[in-house]
Amino acid sequence: MEAILFDMDGIILEGPRTDPQVYADATEYALAELDVDPSPEQREDFRRFDTGVIADRAAAHGIDPDEFWKLRDDRASALTHERVRTGKRDAYNDIEALYELANRTTIALVTNNRHRTAEFVEEHFEFGFETVRGRDPSMDGYRRRKPNPAYLEATLDELCVDAGLYVGDSGVDIIAGYNAGLETAFVRRPHNRSTELPSEPTYELDSLTELLDLLEASNSQ
Ligand SMILES: [Mg+2]
């Protein structure tokens, strides 16, 4: 196995995604920075991740939607990093396996979450990821997220490998991994116990530690 690529939310950081309150707080911050004061209903729209809605609302308030988007993403990153540092958002116990995997093969991180947060996770935990990639803090970056395989493909290019395994906790991970030409591993966590997948993953795992055996088996083939 030339490389193992990991999803972040639900694989390393506990829970399937960023807490909605983080984005609510980040939205308030961005609106204040841009000096606009929308109605409660309009604020709800500004919290959303619908690029069309954000573009409409931004135009109505005379602000640049991309500037709003970046301010919100950057603030959400800062808030998330604080939550991880203070233990408000935990990591899974089985991430210990990543340190050993990094000794044995190339590992990388590819997430739909923000790029800055992907960088933070490597800085904080020092897993030994060869590279990390999250979505760019822009509406364009958001549109390229999984199930689009773009970020996975860019990572494979950067690593100069064309085969490997993508490890994720959701259906979009399995689709994106497959479309990038990778084998896929679906990890069962408390939040996805009964998730039905859109297509069959190559492997289904209960713990990241099982990757050590998978790697050994694939290397001895
Ligand atoms: Mg995930």
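The values are calculated or read from the model by the stated rules, or taken from the named source; none is laboratory data. All of these numbers come straight from a predicted model, not from anything done at the bench. Glycine gets a Cβ as well: all are built from the backbone with ideal geometry, and neighbour counts include every protein chain shown.
Quick notes
- Checked against the criterion of being of a type in the set (Ser, Thr, Tyr), more than 22 Å from ARG104 (Cβ to Cβ) and either more than 11 Å from the ligand (Cβ to nearest atom) or modelled with pLDDT under 95 (or both), the candidates TYR178, TYR203 yield just one match: TYR178.
- The residues of region 115-145 that are within 14 Å of LEU5 (Cβ to Cβ), part of a strand (DSSP E or B) and either of a type in the set (D, E, K, R) or over 11 Å from the mean Cα position of the chain (by Cα) (or both), listed by number, are THR131, ARG133.
- Candidate set: region 157-168, residues that are crowded, with 23+ Cβ neighbours inside 10 Å and not hydrophobic (A, V, I, L, M, F, W, C); chosen: the one nearest to the ligand (Cβ to nearest atom): GLY168
- Residue check, ASN112 in a helix (DSSP H, G or I) and either over 30 Å from LEU31 (Cα atoms) or in contact with a Lys or Arg (Cβ under 6 Å, 6 or more places away or on another chain) (or both): no
- Matching option when the condition is of a type in the set (Gly, Ala, Ser), assigned by TED's automatic domain parsing to the domain that holds ASP162 and in contact with an Asp or Glu (Cβ under 6 Å, 6 or more places away or on another chain), among ALA97, ALA108, ALA102: ALA108
- Given (1) free of Cβ contacts under 8 Å to residues at least 24 places away in the same chain; (2) in a helix (DSSP H, G or I), number of the condition SER194 does not satisfy: (2)
- Verdict on GLU67 being farther than 29 Å from GLY168 by Cβ, assigned to a helix (DSSP H, G or I) and away from the ligand (no atom under 16 Å from the Cβ): yes
- Selection count, region 1-17, where residues are in contact with a helix residue (DSSP H, G or I) (Cβ under 6 Å, 6 or more places away or on another chain) and either more than 16 Å from the ligand (Cβ to nearest atom) or closer than 16 Å to LYS88 by Cα (or both): 4
- Number of positions in region 20-49 that are exposed (fewer than 12 other Cβ atoms within 10 Å of the Cβ) and in a loop (DSSP other than H, G, I, E, B): 3
- Considering (1) in a helix (DSSP H, G or I); (2) within 13 Å of the ligand (Cβ to nearest atom); (3) of a type outside the set (Asp, Glu), the lone condition that ALA154 does not fulfil carries the number (2).
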